[in-house]
Amino acid sequence: MMGHSWSGFAHAEATEVTRLFSLAQLTTKAQEGKFDEVLESLKTYDYHYDNGDLRVFSLIQDLEHHQQVKSEQTAERLEAAQAAMNQIAVHLNNDELHDALRKGLEAHDLALGNAALLQDPRVAALVAETHATAKEAENRGDWVEATRLYRALDLMFDDPLSLHYTNLKRALKHLRVLRLYCPRRLYDLSVDRAKREGNEDDIEPYRPDNVTWEQRLSGIKMEMFERVLEYAQKKHIDSPPYERLLHGAIDSILVLVNTKELATTFIKLHDQKKVEKFRASLLALRTTLDVSRQPITLGAALINVVEEIIRKNRSTVALPLEVIVYEMTEGAMEELDDFTSVIWPYDKDTFMRSTKGNFFGVGIQISLRDDRLIVVSPLPDTPAYQAGIQAGDIIAIVNGQPTDGWSLDRAVREITGTEGTVVALGIERNGPGPTAMFKIKRSRIEIESVRGWKLEPAGHGQWDYWVDRDRHIAYARLSQFIPKTADGLDEAIERLERDGPLKALILDLRFNPGGLLKSAIDVCDRFIDKGAIVSTVGANGVATGRPYTAQSHHTHRRLPLVVLINEHSASASEIVAGAIQDYGLGTIVGVRSFGKGSVQDLLPLDRHNAYLKLTSQYYKLPLNRIIHRSPRSGKWGIDPDVVVAMTDKQIKDVVEHRRNADVIRDNLVDDTPEPITDANELLTKPLDFQLEAAMLILKTQLLAEHLSRQQDRLRQTPPKLLTKRDELATVP
């Protein structure tokens with residue numbers, strides 16, 4: 001009997017080793033998104049000593065439900081994608097190109113892989129038809145239609161080195177000059193588009209801009225162009241040669257003279273002989289730049305090229321000097337990156353006010369992608385939020401003006417304004433389609449950058465940060481990084497610790513466009529106790545300054561942490577997610593972030609009458625990663641540890657549900673009841689699959705820690721003397 005008891009002890013010891021190994025793997029598998037393996041491990045795991053802890057059974061149920069929903073969602077998604085693909089051919093056969101395009105973009109969103117989609121014959125036919133129709137529109141000067149079609153192709157391929165992107169950029173240049181110099185023609189083209197699509201009811205009367213192109217270009221001097229070239233060549237991250245900048249300058253003037261509609265603004269463009277003579281001289285200059293073996297330097301050679309352009313212009317089409325300077329400068333800047341731009345004298349005051357935050361607006365965060373204004377997020381309890389503006393909405397029109405090619409600075413200037421005035425926003429959703437008009441009254445915007453899981457009942461805007469109070473899992477959303485963001489996060493965590501214990505945290509950075517670098521560093525400092533947080537480097541990767549480092553006295557105690565990101569997480573939010581990932585302090589869940597990791601310097605022009613916002617450096621994360629996306633970047637942004645992709649419709653449903661759940665309802669009267677949206681439904685329905693994955697990771701991690709503590713207690717309990725009954729119980 002004694003021998004048998006020893007054998008039983010040895011078996012128990014082996015089982016204990018297996019349990020330890022399984023627990024170590026349990027968290028790792030969850031943090032890799034291998035939830036099916038976590039489920040199988042829990043099903044076979046021997047936890048009888050834990051008296052059948054309900055947390056084990058609960059997590060098994062959660063994982064089984066996740067597996068079932070994922071399987072159903074995948075099947076539905078593939079079926080919907082196939083249905084959309086089948087509709088492409090039907091619409092093409094009926095000469096319904098725009099309907100076919102909508103289905104193509106829908107299939108692109110639903111498909112599990114873009115490579116196979118683009119190789120499908122139905123998509124190939126759609127691409128060929130769209131490209132041919134866009135070229136026809138371009139040839140007849142319909143830049144609104146051409147831009148729309150090229151943009152659809154660019155969305156489908158998402159490749160800045162593709163022909164579709166090149167075509168889109170060319171069309172956008174023509175739209176820009178029409179908007180500035182001939183807005184009536186742009187309006188007429190937009191009306192024609194609405195009529196073709198049967199949207200006559202959406203056509204608003206033409207409202208000419210009170211500001212003329214002469215006013216917008218007032219104060220522009222040749223010295224500004226020369227200074228911009230010098231700054232760009234010496235201080236830009238790419239140090240572009242002057243030849244490249246002049247190439248862009250010449251191409252911009254060519255776009256202007258090749259846009260026939262501008263003859264109504266500049267009379268001498270009616271004279272085709274003079275136009276052709278000027279065009280030929282510009283092309284000859286560009287060829288000279290291409291074949292010259294002697295690089296141009298800041299000096300006589302550069303001045304000679306510029307003076308030649310001015311001289312040929314004066315003797316032919318006689319465009320105003322400020323037009324030539326403006327077009328050359330804008331063209332040169334287009335040779336650089338999307339975040340480099342000139343703040344012209346007309347825009348300076350608005351720009352400086354916006355950097356200080358002293359403005360009235362509608363309450364939206366916007367970003368620029370593929371030269372379209374995209375709503376990153378509406379701010380809670382603001383006019384835009386209450387009107388129903390959603391994340392991902394494209395602001396296609398502002399006060400009757402199409403926004404194609406607008407800069408962010410221009411958008412801010414047009415959308416903000418005097419308190420109490422109304423701005424009309426034309427919104428596109430889910431690809432090309434009818435434009436929905438929203439008329440929104442401007443008001444003072446008080447920004448709240450740290451939000452919780454749900455609003456406290458009658459709490460006057462106070463947040464409840466517990467997403468799972470029973471398991472002590474908290475949730476905090478950071479909408480952007482402003483001076484008080486880190487303090488707001490401190491206040492939330494301190495409240496949770498008092499109400500806790502706080503055992504795990506979800507940090508939601510989705511739709512966060514960034515903000516202040518110092519604020520991002522301060523937030524990182526709450527999780528990182530020592531070491532580098534972020535540094536800056538030049539194009540060659542060489543450090544351009546000392547790294548920003550963490551200070552331990554700011555750091556909260558370490559917790560199981562998940563950070564949520566998506567394609568709208570940019571700049572400062574990427575620094576926070578990337579630093580946490582590099583130090584292994586949390587699991588990143590979602591999809592790859594935006595890829596904005598560059599530093600812009602503000603350089604004065606003409607005694608501070610204008611400014612150049614110039615990309616001069618890249619941010620570098622602790623593990624030496626540069627996250628900025630450039631046209632030739634093979635790797636950029638923050639790649640999540642667990643990829644959870646969602647369709648446009650799923651994202652829309654989540655954003656709408658969250659927006660409705662975040663409405664402050666303290667002042668609603670009893671006789672006008674409104675349906676109350678419950679934030680918990682994001683998980684129970686489920687709607688938010690990225691958040692659900694975050695919860696599964698943390699539940700698994702907390703369970704593994706709990707079971708490990710149980711094992712520790714068992715190992716520390718002294719063995720009791722075996723009775724006869726105990727020994728007999730070990731007999732198989």
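The values are calculated or read from the model by the stated rules, or taken from the named source; none is laboratory data. Owing to the predicted nature of the structure, the values given are computational and were not obtained by experimental measurement. As a convention, Cβ positions derive from the backbone with ideal geometry for all residues, glycine included, and neighbour counts pool all protein chains shown.
Test of understanding: among T133, T147, which residue is over 30 Å from W636 (Cα atoms) and of a type in the set (S, T, N, Q)?
The conditions single out T133.
Look through E106, E96, E72, E64 and report the one residue that is surrounded by fewer than 19 Cβ atoms within 10 Å (Cβ to Cβ) and under 31 Å from the mean Cα position of the chain (by Cα).
Residue meeting the stated conditions: E72.
Residue by residue through segment 169-205, note down the ones that are surrounded by fewer than 16 Cβ atoms within 10 Å (Cβ to Cβ), assigned to a loop (DSSP other than H, G, I, E, B) and modelled with pLDDT of 75 or more.
E197, G198, N199 - these are the residues of segment 169-205 that are surrounded by fewer than 16 Cβ atoms within 10 Å (Cβ to Cβ), assigned to a loop (DSSP other than H, G, I, E, B) and modelled with pLDDT of 75 or more.
Which condition from (1) over 25 Å from G141 (Cα atoms); (2) basic (K, R); (3) free of Cβ contacts under 8 Å to residues at least 12 places away in the same chain is the one that R244 breaks?
All conditions are met except number (3).
Can you name every residue in segment 582-611 that is more than 19 Å from the chain's Cα centre (by Cα), over 27 Å from V342 (Cα atoms) and in contact (Cβ under 8 Å) with a residue 40 or more places away in the chain?
D582, Y583, L585, G586, T587 - these are the residues of segment 582-611 that are more than 19 Å from the chain's Cα centre (by Cα), over 27 Å from V342 (Cα atoms) and in contact (Cβ under 8 Å) with a residue 40 or more places away in the chain.
Taking the stated definitions as given, is A132 surrounded by fewer than 16 Cβ atoms within 10 Å (Cβ to Cβ), more than 21 Å from N258 (Cα to Cα) and among the aliphatic types (A, V, I, L, M)?
So A132 fails the test.
Can you give me the ranges of the helices (runs of 4 or more DSSP H) entirely in segment 627-732 with at least 2 residues that are at pLDDT 80 or above?
In segment 627-732, 648-661, 681-684, 689-716 are the helices (runs of 4 or more DSSP H) which contain 2 or more residues that are at pLDDT 80 or above.
Failed condition for L559, given (1) farther than 29 Å from Q600 by Cα; (2) touching a residue at least 60 places away in the same chain (Cβ under 8 Å), with all others met?
(2)
Going by what's in this entry, would P320 be described as within 40 Å of the chain's Cα centre (by Cα), closer than 29 Å to S239 by Cβ and either modelled with pLDDT of 95 or more or not assigned by TED's automatic domain parsing to the domain that holds R629 (or both)?
So P320 does not fit the description; no.
Inspect all residues belonging to segment 90-109 and state whether any of them is within 19 Å of I394 (Cα to Cα) and either polar (S, T, N, Q) or not in a helix (DSSP H, G or I) (or both).
No, segment 90-109 contains no residue that is within 19 Å of I394 (Cα to Cα) and either polar (S, T, N, Q) or not in a helix (DSSP H, G or I) (or both).
Return the residues of segment 507-519 that are part of a loop (DSSP other than H, G, I, E, B) and crowded, with 23+ Cβ neighbours inside 10 Å; say none if nothing qualifies.
L509, R510, F511, N512, G514
Can you name every residue in segment 338-370 that is surrounded by fewer than 21 Cβ atoms within 10 Å (Cβ to Cβ), assigned to a loop (DSSP other than H, G, I, E, B) and either of a type in the set (F, W, Y) or at pLDDT below 75 (or both)?
F339, G357, N358, F359, D370
Looking at V563, V576, can you tell me which residue is modelled with pLDDT of 95 or more, outside any loop (DSSP other than H, G, I, E, B) and over 26 Å from S616 (Cβ atoms)?
V563
Applying the selection to segment 284-308, what residues are of a type in the set (A, V, I, L, M) and either not assigned by TED's automatic domain parsing to the domain that holds D251 or not in a loop (DSSP other than H, G, I, E, B) (or both)?
Those that are of a type in the set (A, V, I, L, M) and either not assigned by TED's automatic domain parsing to the domain that holds D251 or not in a loop (DSSP other than H, G, I, E, B) (or both): A284, L285, L289, V291, A300, A301, L302, I303, V305, V306.
Given the conditions (1) in a helix (DSSP H, G or I); (2) in contact with a Phe, Trp or Tyr (Cβ under 9 Å, 6 or more places away or on another chain), which single one is not true for R311?
(2)
Identify, please: which residue in segment 135-167 is among the aliphatic types (A, V, I, L, M) and surrounded by fewer than 19 Cβ atoms within 10 Å (Cβ to Cβ) and is, among those, nearest to the chain's Cα centre (by Cα)?
Only one residue fits best here, namely L161.
Checking F481 against (1) touching a Phe, Trp or Tyr at 6+ places or on another chain (Cβ under 9 Å); (2) within 25 Å of E446 (Cβ to Cβ); (3) surrounded by 21 or more Cβ atoms within 10 Å (Cβ to Cβ), which single condition isn't satisfied?
Only one criterion in (1) touching a Phe, Trp or Tyr at 6+ places or on another chain (Cβ under 9 Å); (2) within 25 Å of E446 (Cβ to Cβ); (3) surrounded by 21 or more Cβ atoms within 10 Å (Cβ to Cβ) is unmet by F481, namely (1).
Determine, yes or no, whether V127 is in contact with a strand residue (DSSP E or B) (Cβ under 9 Å, 6 or more places away or on another chain) and within 27 Å of A194 (Cβ to Cβ).
No; evaluated as a whole, the condition is false for this residue.
Residue by residue, here is whether (1) closer than 24 Å to G514 by Cβ; (2) part of a strand (DSSP E or B) holds:
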| site | (1), (2) |
| --- | --- |
| D470 | no, no |
| Y475 | yes, yes |
| P483 | yes, no |
| A486 | yes, no |
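Go through (1) surrounded by 15 or more Cβ atoms within 10 Å (Cβ to Cβ); (2) within 22 Å of H236 (Cα to Cα) for A504 and report which single condition fails.
For A504, the exception is condition (2).
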